[in-house]
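Colleague: There's a structure below that I have some questions on.
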Amino acid sequence: MMDSSNVSNATYNNNSLVPCLSGKNYEKVLLYLLPISYSLVFFFGLSLNAMVLFFFTFRTKRWTPSTIYMLNLTVCDTLYVFTLPFFIYNWVKDWPFGEAVCKICAFLFQANHYGRWYA
C-alpha cells in the first residue's frame with residue numbers, strides 16, 4: 001500500500017497511461033478534429049441561437065419566467081459561439097489578435113460557463 005508521501009513524489013509516463021493517445025498521431029488528429037468540430041458547433045450554434053432569439057424577441061406574446069430564462073441561456077450561448085472562430089484560429093496557428101481580444105474571449109467563455117448556471 002502506498003502512503004501519501006510516495007504519491008506526491010511519483011512520476012508518471014504519459015505514454016504508459018494512455019498508449020493509444022500518445023505521440024504525434026494524437027496531435028495530428030486533434031489538429032484536424034477540433035477545428036472541424038468547433039466549426040460545426042459555430043455553424044449550428046449561430047444559426048439555431050439566432051432563430052431562437054428571433055422567436056423569443058418577436059414572436060413571444062407573453063413573457064413568463066421560463067421564457068426569460070430561455071432567453072438568457074440563448075444569449076449566453078450566442079456570446080460563446082462568437083468566440084469559436086478565434087479559438088479555431090488559435091488551435092491551427094498562433095494567437096495574432098492581441099491581449100485585449102484574448103481577454104474578451106476568455107470573459108465571454110467564462111460568462112457562458114457561469115451564466116448557464118446562474119441564468
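The values are calculated or read from the model by the stated rules, or taken from the named source; none is laboratory data. All values derive from a computational prediction rather than experimental measurement. Neighbour counts are summed over all protein chains in view; Cβ atoms, including those assigned to glycine, are modelled from backbone coordinates with ideal geometry.
Colleague: Mind listing just one residue for me: the one in the range 88-103 that is among the aliphatic types (A, V, I, L, M), modelled with pLDDT of 85 or more and closer than 27 Å to Glu27 by Cα and, of those, nearest to the chain's Cα centre (by Cα)? Quick ask: steps written out before the conclusion?
Modeller: Taking the range 88-103 and keeping what is among the aliphatic types (A, V, I, L, M), we get 88, 92, 100-101.
Within this subset, residues satisfying the condition of being modelled with pLDDT of 85 or more are 88, 100-101.
Retained after the next criterion (residues that are closer than 27 Å to Glu27 by Cα): 88, 101.
On the way: Ile88: 11, Val101: 16 Å.
For the range 88-103, the residue satisfying everything is Ile88.
Colleague: Scan the range 77-119 for residues that are of a type in the set (Gly, Ala, Ser) and under 28 Å from Tyr32 (Cβ atoms) and report the count.
Modeller: Residues that pass the stated criteria total 2.
Colleague: Where residues in the range 107-119 are under 10 Å from the mean Cα position of the chain (by Cα) and exposed (fewer than 13 other Cβ atoms within 10 Å of the Cβ), which of them is modelled with the highest pLDDT?
Modeller: If we take residues in the range 107-119 being under 10 Å from the mean Cα position of the chain (by Cα) and exposed (fewer than 13 other Cβ atoms within 10 Å of the Cβ), then Gln110 is modelled with the highest pLDDT.
Colleague: If you don't mind, there's one more thing I want to ask. If a residue counts only when it is touching a Pro at 6+ places or on another chain (Cβ under 9 Å) and not hydroxyl-bearing (Ser, Thr, Tyr), which helices (runs of 4 or more DSSP H) contained entirely in the range 24-119 have at least 2 such residues?
Modeller: 65-92
Colleague: Between a residue in the range 49-78 that is under 25 Å from Ile104 (Cβ atoms) and any residue that is among the hydroxyl-bearing types (Ser, Thr, Tyr) and part of a helix (DSSP H, G or I), which pairs come within a Cβ distance under 6 Å, given they are 6 or more apart or on different chains?
Modeller: Pairs found: Asn49/Thr74; Asn49/Thr78; Val52/Thr74; Leu53/Thr74.
Colleague: Oh, and also: Out of the residues in the range 72-87 that are more than 12 Å from the chain's Cα centre (by Cα) and among the polar types (S, T, N, Q), state the one that is farthest from Phe42 (Cα to Cα).
Modeller: Taking the candidates together, the pick is Asn72.
Colleague: Restricting to the range 66-88, name every residue that is among the hydroxyl-bearing types (Ser, Thr, Tyr) and surrounded by 15 or more Cβ atoms within 10 Å (Cβ to Cβ). Don't jump to the end; show me each part of the working.
Modeller: Pass one, the range 66-88, residues among the hydroxyl-bearing types (Ser, Thr, Tyr): 66-67, 69, 74, 78, 80, 83.
Passing the criteria: Thr74, Thr78, Tyr80, Thr83.
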